[in-house]
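Down below is the structure, laid out as structure tokens.
The values are calculated or read from the model by the stated rules, or taken from the named source; none is laboratory data. Model, not experiment: these values are computed from the prediction. Quick reminder, even Gly has a Cβ in these numbers, built from the backbone with ideal geometry, and neighbours come from all protein chains shown.
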Amino acid sequence: MSGRSHLLRCTGCGARINGEEAGSTFRCAVCGDLFEVVYPWSEAWGGGDQVGFRPNAGALRHLWAERRTSTMAADQSGVWRFRDLLPIVNEDEIVTLREGNTPLYELPRCAKALGLNWLLAKHQGMNPTGSFKDTGMTAALSVAVSRGFEWVACASTGNTSAAMAAYAARAGLRSMVLIPEGKIAWGKLSQSMDYGSTTLQLKTDFDGCVKVLSEVVSKAPVYLLNSVNPYRLEGQKTPAFEILEQMDWQVPNHIIVPGGNLANCSALGKGFAEMKHLGFINKVPKISVVQAQGANPLYRAMQANGGDHLEAVVADTRASAIRIGNPASWKKAVKVLRETGGTCEEATEQEIALAKAEIGAEGIGCEPASAVTLAGLKKMVKRGFVGAEERVVLLLTGHTLKDSEYTMKFHRGELLTDAEMAGASADERALHEGLRREPIVMEPSAEAVMRLLDAAMPAGQAR
Ligand code: F0G
């Protein structure tokens, strides 16, 4: 890896260091804030000698499209295809599972229900391990390889650990995950075991796991792969490039992202800002964040003080991926909300469950944490923040199979408590009823199946 290809810039005090100089927890030695990667062509470079160099937007558009037809592993990756705007890693150090290149789907029924002309979903759950984390992991794990680490580790609500375990296994590195005991979905837990990671279930929550791991990495030569690692965000910015490509470089009005540790909205904000700075586009979309009501520290901070201070909360939501009370990247997220004109919303358990079922009924599906985006959008439309003509893209972060237990419980009517349903409007209740598809146990007879079809079809059609 070439140190001169980029620097790490502290987002708090502006200090700049070489990538190799970052401490084990990726906090600035001067002020304790988080770093971002800057390049000689970045607005925030300030490094002197290479300021004149600037990638050519027109040439890169062609090159990136062309790479999709190549048989080279790096070209087939929807992250490394954009390597011209990433830290330079030697080709043989790239660890890829052919992540990225995920679909941008239309959600016509959800759009109609909301009175929007159209609505799109960028489905990052269609990545190799089933979540958006793969795009960040390929970048940061490749850096770990190039720096010669043998062990990598993360604290996780499940998806980061699944991604890290897979990429570490591909690279032949040892990995260790710290997860909150009993608070992550089985699909995710099983992945980290399947990929051979040392899986530690700690009797605490995600925030407690982060604390323990910070201490461990400061004492042992273990590379931290949580999203405080700025290289993760470099990979996670590439869906912004893909969205623009997929929309033929027309800028959507609005991107809506679920908020947990708040790195992903920061990464996308960085991606779009870089596209604008380099002249690919002439404006950036609004980027908004939606949190679960039970894990809503950013929402509270935005309401209380416009995001100047954030108080940690004790988090509790069935959307376990975003059950985070003390988000590491909150300052970066506030900056993105302010700079793009986005907003922050929260969604109740009932609203999340309904939104997830609606996305499922479009034939797409997602995990509960991803569905907060649709739940939040409904509120933004209701209060006039999003208009009918606006082009909105929901970032769906995880695959529906990540948490099939949640889905089963919803369809069996066992998910939500009466207290949680008490806040639902009559319309919402009717939607819940209409979307539920409980499995029907019956005798193995064609007559029984025909009776059911008869009842479900318009008179006589089933005969
Ligand atoms: N959606 C899903 C499916 C996630 O797994 C996460 C975070 C988020 C949204 C929130 O993204 O943290 O960047 O704001 N999952 C992490 C993990 C924390 O450990 O898998 P964020």
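Consider region 309-344. How many of its residues are of a type in the set (S, T, N, Q), assigned to a loop (DSSP other than H, G, I, E, B) and more than 22 Å from V210 (Cβ to Cβ)? Matching residues across region 309-344 total 1.
List pairs: first residue in region 70-90 and free of Cβ contacts under 8 Å to residues at least 12 places away in the same chain, second residue not hydroxyl-bearing (S, T, Y) anywhere in the structure, Cβ distance under 8 angstrom, at least six positions apart or on different chains. Short answer, once both residue conditions are applied: S70/Q76; D75/R67; D75/R68; D75/R81; R83/A74; R83/V89. Of all residues in region 384-443, those that are of a type outside the set (V, I, T) and in a helix (DSSP H, G or I) total 26. Pairing residues of region 243-268 that are over 30 Å from R318 (Cα atoms) with residues that are away from the ligand (no atom under 16 Å from the Cβ) and assigned to a strand (DSSP E or B), at Cβ distances under 6 Å and at least 6 apart in sequence or on separate chains, gives Q246/L104.
Considering region 241-266 alone, what residues qualify as being part of a helix (DSSP H, G or I) and either surrounded by fewer than 24 Cβ atoms within 10 Å (Cβ to Cβ) or more than 14 Å from the ligand (Cβ to nearest atom) (or both)? Correct list: F241, E242, I243, L244, E245, Q246. Within the span defined as region 200-212, one or more residues are assigned to a loop (DSSP other than H, G, I, E, B), in contact (Cβ under 8 Å) with a residue 24 or more places away in the chain and either among the charged types (D, E, K, R) or in the same structural domain as A295 (by TED's automatic domain parsing) (or both). Candidates are the residues of region 277-308 that are among the aliphatic types (A, V, I, L, M) and in a loop (DSSP other than H, G, I, E, B); the one that is nearest to D84 (Cα to Cα) is L278. Against the numbered list (1) of a type in the set (S, T, Y); (2) in contact with a Pro (Cβ under 8 Å, 6 or more places away or on another chain); (3) over 19 Å from Q293 (Cα atoms), Y406 comes up short only at (3).
Residues are listed down the side, and each one gets a yes or a no for (1) without any contact (Cβ under 8 Å) to a residue 60 or more places away in the chain; (2) over 20 Å from A267 (Cα atoms); (3) within 12 Å of the ligand (Cβ to nearest atom):
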site	(1), (2), (3)
M302	yes, no, no
N305	yes, yes, no
A312	no, yes, no
K331	no, no, no
V334	yes, no, no
T340	no, no, no
T343	yes, no, no
E346	yes, yes, no
Q350	no, yes, no
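Considering S320, S329, the condition of being touching a helix residue (DSSP H, G or I) at 6+ places or on another chain (Cβ under 6 Å) and either in the same structural domain as K237 (by TED's automatic domain parsing) or at pLDDT below 95 (or both) is satisfied by S329 alone.
Pull out all pairs, ordered by first then second residue, where Cβ-Cβ is under 8 Å, the residues are six or more apart or on different chains, the first lies in region 145-168 and is under 21 Å from K219 (Cβ atoms) and at pLDDT 95 or above, and the second is of a type in the set (F, W, Y) and near the ligand (Cβ under 9 Å from one of its atoms). Between residues of region 145-168 that are under 21 Å from K219 (Cβ atoms) and at pLDDT 95 or above and residues that are of a type in the set (F, W, Y) and near the ligand (Cβ under 9 Å from one of its atoms), the close pairs are A155/F206; S156/F206.
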